[in-house]
Amino acid sequence: MNTVISLMTPVAEARYQLKSIVAAGTPEGGEGTWYRYVIAQGSNEITGLRRGNHSEVDFAVREMVDRLNDRSNGRHAKK
């Protein structure tokens, strides 16, 4: 008996998504270039600040989104 596997099976939609990364003012007592990021989960939002250039912040926040999605799907990173 042949089994057919559909390549059109929908992939689970990510619960968390990067919504924006924009330049922000330096917080009191801080130094360097800062960015404000927003991660969305439906109508909920996580907003934070991170120091670095745009590429560094983008990379770090995307990793954060991946970890959040892994955790929400029951996958936990090894320690």
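The numbers here are math on the coordinates, done by the rules we state, and not lab data. It should be emphasised that the depicted structure is a prediction, and the values quoted were computed from it without experimental measurement.
Brief remarks on what is shown
- Gyration tensor (Cα) of the stretch 17-72, equivalent ellipsoid semi-axes in angstrom: 21, 12, 9
- Using θ = phi - 60° and Karplus 6.51 cos²θ - 1.76 cosθ + 1.60, couplings along the stretch 17-25 (whole Hz; Gly, Pro as x): 9, 6, 9, 6, 9, 9, 4, 9, x
- A simple rule links phi to the HN-Hα coupling: the Karplus curve 6.51 cos²θ - 1.76 cosθ + 1.60 with θ = phi - 60°, which for the stretch 38-45 gives 10, 10, 9, 9, x, 8, 8, 9 Hz, with x for Gly and Pro.
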